[in-house]
Amino acid sequence: MSTDIYAFYFIPVQIMTGIMAGFVFKTSWIKKWKTPIGVLLISLPGTAVSAVITAFLFGGVTSSGSSILVVLLHKLGMNLV
């Protein structure tokens, strides 16, 4: 069980990761030289979903350590979306 109050909002990320992991392991994308491609197929969709949730619901800032980087980049003039 998570004690992070923001974890509930990121349930779609876990769902996406589970779906993609199931897809990759049922295919041959996790064997030998294809492993890095399979890893990207598992991680990139969840990362994209997480970034959208963080940007729209929380303005780019949550309780994770990466929020420091987000705030720094925002102060340097970069847009969140």
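I'd like the full set of residues that are of a type in the set (Gly, Ala, Ser) and more than 28 Å from His74 (Cα to Cα), limited to segment 12-59. Spell out the reasoning first.
Initially, segment 12-59 is screened for residues of a type in the set (Gly, Ala, Ser), giving 18, 21-22, 28, 38, 43, 46, 48, 50-51, 55, 59.
Scanning segment 12-59 gives Gly18, Ala21, Gly22, Ser28, Gly38.
Pick from Ser64, Ser50: which is among the hydroxyl-bearing types (Ser, Thr, Tyr) and under 19 Å from Met16 (Cα atoms)? Even if it seems obvious, please write down each step before you answer.
Working: Ser64 fails: under 19 Å from Met16 (Cα atoms).
So the residue among Ser64, Ser50 that is among the hydroxyl-bearing types (Ser, Thr, Tyr) and under 19 Å from Met16 (Cα atoms) is Ser50.
Provide a single number: the residues in segment 22-40 that are among the small types (Gly, Ala, Ser) and modelled with pLDDT under 90.
Of the residues in segment 22-40, the ones among the small types (Gly, Ala, Ser) are 22, 28, 38.
Still in the running and modelled with pLDDT under 90: 28.
So the answer is 1.
Condition test on Ile42, is it under 15 Å from the mean Cα position of the chain (by Cα) and of a type in the set (Val, Ile, Thr)?
Spelling it out, Ile42 is indeed under 15 Å from the mean Cα position of the chain (by Cα) and of a type in the set (Val, Ile, Thr).
Pairs needed: first member in segment 41-55, modelled with pLDDT of 90 or more; second member anywhere, among the small types (Gly, Ala, Ser); C-beta distance under 8 Å; at least 6 residues apart or different chains.
Going by the 8 Å Cβ cut-off, the qualifying pairs are Ile42/Ala21.
The values are calculated or read from the model by the stated rules, or taken from the named source; none is laboratory data. Fair warning: this is a prediction, and the values are worked out from it, not measured in the lab. Cβ sites come from the backbone with ideal geometry, for glycine too, and all protein chains shown count toward neighbours.
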